[in-house]
Amino acid sequence: MTRSDLVAQLAERFGQLTHRDTEFAVKTILDAMSAALAKGHRIEIRGFGSFSINRRPPRVGRNPRSGEQVVIPEKLVPHFKPGKALRESVDAQVPVLDEPAATPVKSAPSSGV
């Protein structure tokens with residue numbers, strides 16, 4: 001689902017709101033969440049989940065083109081942890097795919113060397 005899909009669904013569900021009002025409401029909510037995370041706050045929506053900031057420590061990486069070592073600085077990244085109700089809802093609605101039975105792997109004939 002994209003942001004415009006969300007706006008369209010909300011506008012459809014709440015007929016008293018215009019498409020423009022719905023778009024403004026969604027934008028306002030997402031902007032408020034982004035601002036709170038940028039300030040380092042934690043966002044918790046009961047039954048849905050929580051958003052927080054995780055710290056990725058600095059590390060040494062490698063430039064894939066030249067192979068030389070590069071220092072990658074510390075990063076703060078948003079993290080979402082789904083709530084119990086969301087996990088249970090998704091688990092109940094998503095069909096579990098059966099894994100195919102394990103078949104023995106045939107080895108290539110040896111060359112006798």
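Suppose the filter is within 18 Å of the chain's Cα centre (by Cα) and modelled with pLDDT under 95; does Gly47 pass it? Criteria met by Gly47. Within the stretch 67-90, the only residue that satisfies the criterion of being open to solvent by less than 70 Å² (accessible area, probe 1.4 Å), over 26 Å from Arg3 (Cα atoms) and in a loop (DSSP other than H, G, I, E, B) is Gly67. Scanning the stretch 19-49 for residues that are out of contact with any strand residue (DSSP E or B) (no Cβ under 9 Å at 6 or more places or on another chain) and of a type in the set (Val, Ile, Thr), we see that the one that is most open to solvent (accessible area, probe 1.4 Å) is Ile29. Residues in the stretch 19-62 that are among the small types (Gly, Ala, Ser), part of a strand (DSSP E or B) and without any contact (Cβ under 8 Å) to a residue 24 or more places away in the chain: Gly61 only. Starting from residues that are part of a loop (DSSP other than H, G, I, E, B) and out of contact with any helix residue (DSSP H, G or I) (no Cβ under 8 Å at 6 or more places or on another chain), keep the ones in the stretch 7-18 and report whichever is least open to solvent (accessible area, probe 1.4 Å). Restricting to residues being part of a loop (DSSP other than H, G, I, E, B) and out of contact with any helix residue (DSSP H, G or I) (no Cβ under 8 Å at 6 or more places or on another chain), the top hit is Gly15.
The values are calculated or read from the model by the stated rules, or taken from the named source; none is laboratory data. Since the model is a prediction, treat every value here as computed from it, not as a measurement. Glycine gets a Cβ as well: all are built from the backbone with ideal geometry, and neighbour counts include every protein chain shown. We work out accessible area using only protein heavy atoms, side chains counted, and drop any ligands, DNA or RNA first. Shrake-Rupley method; radii C 1.70, N 1.55, O 1.52, S 1.80 Å.
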